[in-house]
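Notes follow the structure.
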Amino acid sequence: MLLVLDVGNTNTVLGVFAHVAKVNAAEAVLSPDAVRYERLVANWRVATIHTQTVDEYGVLFRNLFAMDNLEPSGIRGIVISSVVPPVDSTLRQVCERYFNSKPLFIEPGVKTGMPVQYDNPAEVGADRIVNSVAAYEKYGGPCISVDFGTATTFDCVSAKGEYVGGVICPGIGISAEALFGRTARLQRVDIRKPARVIGTNTVASMQSGLYYGYLGLVDGVIEPLLKEMGKDTKVVATGGLASLFGSGSKYIKTVDDLLTLDGLRIVWERNLPVKSEAASVKTKGATASKHSDPSSANEPASSTPPAKAGLPDDSKPWPGSKSRSR
């Protein structure tokens, strides 16, 4: 099984993928033991607590596994995207102590298959890269992934599969906290779509303002993005409140709660080590054609799925992606 973790400022989302059978005959020839971790068997959302110890996280994760009758000993790989550096070291120790596995962190230098056109590619958050990889892989390009997290991010991918940039806004939770904290007589309310726009009491009025005000922000950002990227651009939403705002948006056509988890799985697959037996078979086949294509003779085979049409062949690490892709 494959364990994936998306560590956000407010919540950490975990998922466990189980393997499926060989995908096709060609893959079976290259690697008899090739498997794909595409079946999500469990997922959980927990609070991100900076002060938790290695053992506290370990007990939490093992309890989650026990709830779904999963054995930690069945984990064969772990991949993590994190925007909370203080917990990275703790999680690394959790993986090594409780799962006997060294995790792959999504960070500069990791192969993603997606060139990054940011002015400083190292500034792009791991979650934004992962979402973009998954959105392009699952829905094609050009596309925009909208992640409703602590911050709401809009990440844009070109038709060629290049990360071209995006927009970062305060999340709805931050906006609500500012309203509650700065007003003496307004109590906390649930963030939900009210029955009517016009509120007839304080709670309904606040809910209407939060929901329709933030929905206006979301569509107000997406509209000019679509003008820049083209009318055929696909818009995909993910995150804790994606369903709430995705259902009301004029432009969001797809809500994918598992987008980030799928992106982590895809990046992990693209960083799989080469299997020796697969490399041997590939090398034999490449020898015969080395004069017609010199580069192919040195290209190792792996169990990573073939790149989809339009995806750049080189999975460039993202510091320096901008300069190397020019």
Original post:
Checking residue 264 against (1) over 16 Å from residue 175 (Cβ atoms); (2) surrounded by fewer than 22 Cβ atoms within 10 Å (Cβ to Cβ), which test does it fail?
Top reply: (2)
Original post:
Mind checking which pairs have a first residue in segment 37-56 that is crowded, with 16+ Cβ neighbours inside 10 Å and a second that is acidic (Asp, Glu), Cβ under 7 Å, 6 or more apart or different chains?
Top reply: 42/68
Subject >> Tally, over segment 183-196, of residues that are open to solvent by less than 90 Å² (accessible area, probe 1.4 Å), in contact (Cβ under 8 Å) with a residue 40 or more places away in the chain and not β-branched (Val, Ile, Thr) >> reply: 0
Original post:
In this structure, does residue 177 turn out to be within 29 Å of residue 46 (Cα to Cα), among the charged types (D, E, K, R) and without any contact (Cβ under 8 Å) to a residue 12 or more places away in the chain?
Top reply: yes
**OP:** Return a yes/no flag: does segment 162-174 have any residue that is of a type in the set (Ser, Thr, Tyr), touching a strand residue (DSSP E or B) at 6+ places or on another chain (Cβ under 9 Å) and surrounded by 14 or more Cβ atoms within 10 Å (Cβ to Cβ).
**Re:** yes
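Here are 128, 62, 76, 97: which of them is surrounded by 21 or more Cβ atoms within 10 Å (Cβ to Cβ), of a type in the set (Lys, Arg) and in contact (Cβ under 8 Å) with a residue 12 or more places away in the chain?
Step by step, each of 128, 62, 76, 97 is checked, and only 128 is surrounded by 21 or more Cβ atoms within 10 Å (Cβ to Cβ), of a type in the set (Lys, Arg) and in contact (Cβ under 8 Å) with a residue 12 or more places away in the chain.
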Original post:
Only one of (1) in contact with a Phe, Trp or Tyr (Cβ under 6 Å, 6 or more places away or on another chain); (2) open to solvent by less than 30 Å² (accessible area, probe 1.4 Å); (3) over 22 Å from residue 235 (Cβ atoms) is not met by residue 199, so which one is it?
Top reply: (1)
Original post:
Given (1) touching a helix residue (DSSP H, G or I) at 6+ places or on another chain (Cβ under 6 Å); (2) modelled with pLDDT under 95, where does residue 42 come up short, assuming only one miss?
Top reply: (1)
**OP:** Pick out the one residue from 230, 209 that is open to solvent by 10 Å² or more (accessible area, probe 1.4 Å) and within 16 Å of residue 157 (Cα to Cα).
**Re:** 230
Subject >> Candidates 155, 147, 119, 88, filtered to the one that is acidic (Asp, Glu), in contact (Cβ under 8 Å) with a residue 12 or more places away in the chain and under 24 Å from residue 273 (Cα atoms) >> reply: 88
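The values are calculated or read from the model by the stated rules, or taken from the named source; none is laboratory data. Note that this is a predicted model, so its numbers are computed, not measured. FYI the Cβ positions are ideal-geometry reconstructions off the backbone, even for glycines, and counts take in every protein chain you see. When the accessible area is computed, the model is the full protein with side chains, heavy atoms only, and any ligands, DNA or RNA have been set aside. Shrake-Rupley method; radii C 1.70, N 1.55, O 1.52, S 1.80 Å.
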